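The values are calculated or read from the model by the stated rules, or taken from the named source; none is laboratory data. Being a predicted model, the structure only gives us computed values, none of them experimental. Using ideal geometry, Cβ is built from the backbone for each residue, glycine included, and neighbour counts are taken over all protein chains shown. Side chains are part of the model used for accessible areas, which takes the heavy atoms of the whole protein and leaves out ligands, DNA and RNA. Shrake-Rupley method; radii C 1.70, N 1.55, O 1.52, S 1.80 Å.
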Amino acid sequence: MTKPIVNIADIELQPRPAPFAPTGSAADRYAASFARIGTRIGAKQLGYNVTAVPPGKRAFPAHSHAFNEEMFFVLQGTGEVHIGKDIHPLRTGDFLACPAGGPETAHQIVNTGTGELRYLAVSTMLSPEVCEYPHSGKFGVYAGMPGSADGKPRMLRYLGREAQSIDYWDGE
């Protein structure tokens, strides 16, 4: 059985896996390291991770979730959160709720401080999930899939734009 407890002093932050690392001009704005905690302690319906963002960077593009809700707790540092068209300051000890919704709930945490910004992220883990990225006009569809033959979990991930959609009957 998985031990249901881990101390924050015992977690190790890891960089994004290479396929998910920002490239090109995105690397100038995005950087983060993560410690996935939820699966480590046996969580089934919630995901937890600690995210560390260097000064002047963001972990993710502004996005909204169609189904999942997120909560953030700032562990250290300062920054701001963009929610829809609003900007709110963040500091150590702040809680932040990001419910599911459309562009009005699109959110992005930015490290505006001079030191590392660290936060605990907690999310429902409903699958499939659809995310919208209002600044780029993209959407993403994410779905957990049954494990492969070696037992590793799989994820279906598709990113696109509505204008690129094909007809349902295309090729049939």
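Side notes on the structure shown:
- Pair list, Cβ under 6 Å, 6 or more apart: the range 68-85 residue more than 26 Å from P128 (Cβ to Cβ) and open to solvent by 50 Å² or more (accessible area, probe 1.4 Å), other residue basic (K, R) and outside any loop (DSSP other than H, G, I, E, B): L75/R118; Q76/R118; T78/R91
- Residues that are open to solvent by less than 80 Å² (accessible area, probe 1.4 Å) and of a type in the set (G, A, S) within the range 10-21 comprise just one, A21.
- For the range 53-87, residues that are of a type outside the set (V, I, T), assigned to a strand (DSSP E or B) and in contact with a Cys (Cβ under 9 Å, 6 or more places away or on another chain) total 6.
- Residues located in the range 127-164, provided they are part of a loop (DSSP other than H, G, I, E, B) and of a type in the set (A, V, I, L, M): A149
- Any hit, the range 88-105, residues being assigned to a loop (DSSP other than H, G, I, E, B) and among the acidic types (D, E): yes
- Checked against (1) surrounded by 11 or more Cβ atoms within 10 Å (Cβ to Cβ); (2) touching a residue at least 40 places away in the same chain (Cβ under 8 Å); (3) out of contact with any Pro (no Cβ under 6 Å at 6 or more places or on another chain), Q45 passes all but condition (1).
- Scanning the range 133-148 for residues that are within 26 Å of A31 (Cα to Cα) and either basic (K, R) or open to solvent by 80 Å² or more (accessible area, probe 1.4 Å) (or both) turns up H135, K138.
- Long-range neighbours under 6 Å by Cβ, at least six apart or interchain, first residue more than 15 Å from K138 (Cα to Cα) and open to solvent by 100 Å² or more (accessible area, probe 1.4 Å) within the range 149-171, second outside any helix (DSSP H, G or I) and among the small types (G, A, S): P153/G147; R154/S148
- Close contacts from the range 52-63, counting a first residue that is on the phi > 0 side of the Ramachandran plot and a second that is open to solvent by 50 Å² or more (accessible area, probe 1.4 Å) and part of a loop (DSSP other than H, G, I, E, B), with Cβ to Cβ under 9 Å and a gap of 6+ residues or different chains, come to G56/R29; G56/T112.
- Set T114, T124: member being of a type in the set (S, T, Y), closer than 18 Å to Y142 by Cα and open to solvent by 40 Å² or more (accessible area, probe 1.4 Å): T124
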